[in-house]
Amino acid sequence: MTLIVKEVKAKSILSLSKIYPYVLNPYTGCQHGCTYCYARFMKRVTGHREPWGEFVDVKINAPDLLRKEIKKKKRARVWVSGVCDPYQPLEATYQLTRQCLEILVRNNWPVIIQTRSPLVLRDIDIIREAEDIEVGLSITTADDGIRKLFEPDAPPIPDRIQALDELHNAGIRTYAMIAPVLPGAEGLAELLRGTIDYVLIDRMNYHYADWVYRKYGLEDCLTDEFYDLVRQAFEGEGK
Ligand code: SF4
């Protein structure tokens, strides 16, 4: 797959969000390129013509902006990130998420991290320092074969569960985000046992990936019955 990487200077970095008070996206675009990704609306917003997953704008001034913005804005929880994965592969080189996290934590801003990547473990030293932080791994199915159909360029499911386990064992508050609820998600309650404090489940009916369900004959997993089955599995775990 082609990847077009562009270094850009953003105008601001802490944006208001409807989910948490602020959201911080160090990148525009996401190398994981999940088939169902709702964030592909960013193509329209930013004027990108490349397919979703094949471009990333790297906001190289994100830490500088953040240092200035936290002095002016009211302290509140920051979601890292909303429309990109903050630990997509480029982060291993650019370390923008790491630098921003360091700034937020050292200034006592509450943070919620959401990623599909075990690269988050690289920053466990900073995460451990934080007074108020939660780390979530998005895990959409227990079946890595299904993961390869819907999110072929995202990290394997066992690696994500291992990351949650390590974070949880380090005393960090963790959660699993099951969104969307893919085929095989009914097995997650058992796999995640002992690795999370809570779970968020969202069907995310965006329909971008309907063609994948059709192609592999998985339409049964788009039903209310399937969603209820997954929910009930977690209720049985007390989550
Ligand atoms: S990791 Fe998240 S932001 Fe990135 S493509 Fe997948 S769903 Fe979209």
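Table for the structure above
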| item | result |
| --- | --- |
| Residue count, the stretch 121-177 (criterion: of a type in the set (Phe, Trp, Tyr), touching a strand residue (DSSP E or B) at 6+ places or on another chain (Cβ under 9 Å) and within 25 Å of TRP52 (Cα to Cα)) | 0 |
| Of all residues in the stretch 1-39 being closer than 23 Å to ASN61 by Cβ and of a type in the set (Lys, Arg), the one that is least open to solvent (accessible area, probe 1.4 Å) | LYS6 |
| Residue ID - nearest to the ligand (Cβ to nearest atom), chosen from residues in the stretch 89-103 that are under 16 Å from VAL135 (Cα atoms) and open to solvent by less than 10 Å² (accessible area, probe 1.4 Å) | THR97 |
| Candidate set: the stretch 125-174, residues that are among the basic types (Lys, Arg) and under 18 Å from the mean Cα position of the chain (by Cα); chosen: the one farthest from the ligand (Cβ to nearest atom) | ARG173 |
| Candidates TYR213, TYR206 - the one that is hydroxyl-bearing (Ser, Thr, Tyr) and at pLDDT 95 or above | TYR213 |
| Residues of the stretch 189-221 that turn out to be outside any helix (DSSP H, G or I) and in contact with an Asp or Glu (Cβ under 6 Å, 6 or more places away or on another chain), as a count | 1 |
| Residues located in the stretch 109-119, provided they are farther than 20 Å from GLY53 by Cα and within 16 Å of the ligand (Cβ to nearest atom) | ILE112, ILE113 |
| Checking THR195 against (1) farther than 22 Å from ALA39 by Cα; (2) in contact (Cβ under 8 Å) with a residue 12 or more places away in the chain; (3) touching a Phe, Trp or Tyr at 6+ places or on another chain (Cβ under 9 Å); (4) not hydrophobic (A, V, I, L, M, F, W, C), the condition it does not meet | (3) |
| Qualifying residue in the stretch 135-147 (condition: in contact (Cβ under 8 Å) with a residue 60 or more places away in the chain, over 24 Å from PRO63 (Cβ atoms) and surrounded by fewer than 19 Cβ atoms within 10 Å (Cβ to Cβ)) | no |
| In the stretch 46-88, the residues that are in contact with a Leu (Cβ under 8 Å, 6 or more places away or on another chain) and open to solvent by 30 Å² or more (accessible area, probe 1.4 Å) | GLU54, LYS59, ILE60, LYS73 |
| Single condition ASP224 does not satisfy, out of (1) open to solvent by less than 60 Å² (accessible area, probe 1.4 Å); (2) at negative phi; (3) not small (Gly, Ala, Ser) | (1) |
| Per-region count, the stretch 118-131, residues open to solvent by 10 Å² or more (accessible area, probe 1.4 Å) and either in contact with a helix residue (DSSP H, G or I) (Cβ under 9 Å, 6 or more places away or on another chain) or under 22 Å from PHE234 (Cα atoms) (or both) | 8 |
| Of all residues making up the stretch 26-41, the number that are more than 9 Å from the ligand (Cβ to nearest atom) and not β-branched (Val, Ile, Thr) | 3 |
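The values are calculated or read from the model by the stated rules, or taken from the named source; none is laboratory data. Source: prediction; values computed, not measured. Cβ sites come from the backbone with ideal geometry, for glycine too, and all protein chains shown count toward neighbours. Side chains are part of the model used for accessible areas, which takes the heavy atoms of the whole protein and leaves out ligands, DNA and RNA. Shrake-Rupley method; radii C 1.70, N 1.55, O 1.52, S 1.80 Å.
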